[in-house]
Number of protein chains: 2
Amino acid sequence: MLDLAILGLLSECEFHGYEIRKRLRDELGLFANISFGSLYPALSRLELSGAVVGTESIGATPASAPIPLTGSLGGERAALRSRRAGTTRGTKRSRKVYRITDTGRRVFEELLAAEEPVGTDEARSFGLRLAFARHLAPQARLGLLERRRDQLIRRLAADRARAAAGGDFDSYTRSLVEHRTETTQHDISWLDSLIESEKQKQATPPTDNRSTRTVGSRSAAAKGTEL
Amino acid sequence: MLDLAILGLLSECEFHGYEIRKRLRDELGLFANISFGSLYPALSRLELSGAVVGTESIGATPASAPIPLTGSLGGERAALRSRRAGTTRGTKRSRKVYRITDTGRRVFEELLAAEEPVGTDEARSFGLRLAFARHLAPQARLGLLERRRDQLIRRLAADRARAAAGGDFDSYTRSLVEHRTETTQHDISWLDSLIESEKQKQATPPTDNRSTRTVGSRSAAAKGTEL
DNA sequence: GCATTGATATATCGGTCTGATATATCATGT
DNA sequence: ACATGATATATCAGACCGATATATCAATGC
């Protein structure tokens, strides 16, 4: 889960731990606030397995900055300032910058294409994979969408069975189940439109006919579903 | 989290571990498939702290069945059958039946009324508390709903900031964030209607004027929200 | 000037939950 | 007779979270 997110981030740019946390929090909103107690062990794990390499970057960076692309680090400004002021001592603030390796890219693609674990944070797992869907082969992408759709269909069936059978719910519980059902239906419609637009894209492979519009948004949902 | 769910279940009836798992899975759909690796430790924890007592119930139950209320246990049928067949040996299948104590009820109310942890499984945590909302004081119930609403408002703001600022998303990521935004809006509307109907209920406390209809379903959402 | 606050940065610890696995009893179908 | 599957409990490694510790530095206030 975390490994996939980290590798996905690093596949585009190199970062240090603290920055990875921020990106994961701000970029997609799928990870509220990754704990350092899971982030740093994850980075160690990935480094040990050779998926990433971490280089100790101890300030005092020369003007030809190999500073990572992040343009807003207090440390960098401090380094510049101290150099401008004539102090030769760079900042001693240590940052370990991580870079993905070829092995890492392979691992990333494996994780991304892997069968999703069921029952454990399904929504987050799917969301994360969808956010990196551009790295998937078209056919694998379609598989991802359809597996997620199946999950939701099963959930809808379970919710309906609950509503039909039991029934000894109080009004709060009843409202909870009702709302869940509606939400699941909405999710399924969304997936239907994603799947439809994905199939359309694959049907016309060569000429990229102005299909830059947001995928699956507001297009009539696939008619089959029977909600 | 699990403790709250377990105590809530046991507050109505006594169960053994396996049955608790089933109920948690089937009843609300909030827990997909609780792992025994968390369930049994949780029960031990609760027993050690005096919130529940577990009595080893080794089959051979007399006909005046103090069998827990679950009417569908293979073991029970087996016991009956073996008795009918003249065998004095009851089933040796051991089950540990857990019963909530007064301490446990107190702990349950504390957990239920406690400030929800943020960021960690917010949806599940809220859903669980809503399912037990009947055990809350009206004012605490309103607090629960309004805290949840605040969470969602914050999420909506964050998602909009993401959509506004960044913008270097591919079509999949864009669709993901769009869909999340819609879902959050839907959740807020739902909470608005729950809050509205809760306030209405509290405004007219004495005469229970036919308010048995499902709470907050289909009623015009509170107008203020500005979605 | 200098102290407090807050952002940046890494690390570790205890505790909770998951997934896998082991072990056993019993019912049912073939 | 034998396999399959539901019932029932238990344990383990590993992932993740929340809290906490530590340190550097910027900005703010007095």
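Look at the stretch B:134-158 and say how many of its residues are within 23 Å of B:T183 (Cα to Cα) and of a type in the set (G, A, S).
3
Please determine whether any residue of the stretch B:137-154 is part of a helix (DSSP H, G or I), closer than 18 Å to B:L9 by Cβ, open to solvent by less than 50 Å² (accessible area, probe 1.4 Å) and among the aliphatic types (A, V, I, L, M). Working first, answer last.
Looking only at the stretch B:137-154, we keep the residues that are part of a helix (DSSP H, G or I), and these are B:138-154.
So of that shortlist, the ones also closer than 18 Å to B:L9 by Cβ come out as none.
No, there is no match, as no residue in the stretch B:137-154 is part of a helix (DSSP H, G or I), closer than 18 Å to B:L9 by Cβ, open to solvent by less than 50 Å² (accessible area, probe 1.4 Å) and among the aliphatic types (A, V, I, L, M).
Can you tell me which residues in the stretch A:13-44 are under 29 Å from B:T183 (Cα atoms) and away from DNA strand C (no atom under 12 Å from the Cβ)?
Result: A:L24, A:E27, A:L28, A:G29, A:L30, A:F31, A:A32.
List the residue pairs whose Cβ atoms are under 6 Å apart, where the first residue sits in the stretch A:160-180 and is free of Cβ contacts under 8 Å to residues at least 60 places away in the same chain and under 23 Å from B:A137 (Cα atoms), the second is open to solvent by 60 Å² or more (accessible area, probe 1.4 Å) and part of a helix (DSSP H, G or I), and the two are 6 or more positions apart or on different chains.
A:D170/B:R134; A:V177/A:A163
Can B:D192 be described as modelled with pLDDT of 95 or more, at the interface with chain A (Cβ under 10 Å from one of its Cβ atoms) and in a helix (DSSP H, G or I)?
On the way: modelled with pLDDT of 95 or more: yes; at the interface with chain A (Cβ under 10 Å from one of its Cβ atoms): no; in a helix (DSSP H, G or I): yes.
The answer is no for B:D192.
Could you please let me know if A:E47 is more than 12 Å from DNA strand C (Cβ to nearest atom) and open to solvent by 50 Å² or more (accessible area, probe 1.4 Å)?
Details: more than 12 Å from DNA strand C (Cβ to nearest atom): no; open to solvent by 50 Å² or more (accessible area, probe 1.4 Å): yes.
For A:E47, the condition - more than 12 Å from DNA strand C (Cβ to nearest atom) and open to solvent by 50 Å² or more (accessible area, probe 1.4 Å) - is not met.
The values are calculated or read from the model by the stated rules, or taken from the named source; none is laboratory data. Quick caveat, the model's predicted, so the values are computed rather than measured. Cβ coordinates were reconstructed from backbone atoms using ideal geometry, including for glycine residues, and neighbour counts include every protein chain displayed. Protein only, heavy atoms only, side chains kept; ligands, DNA and RNA dropped before computing areas. Shrake-Rupley method; radii C 1.70, N 1.55, O 1.52, S 1.80 Å.
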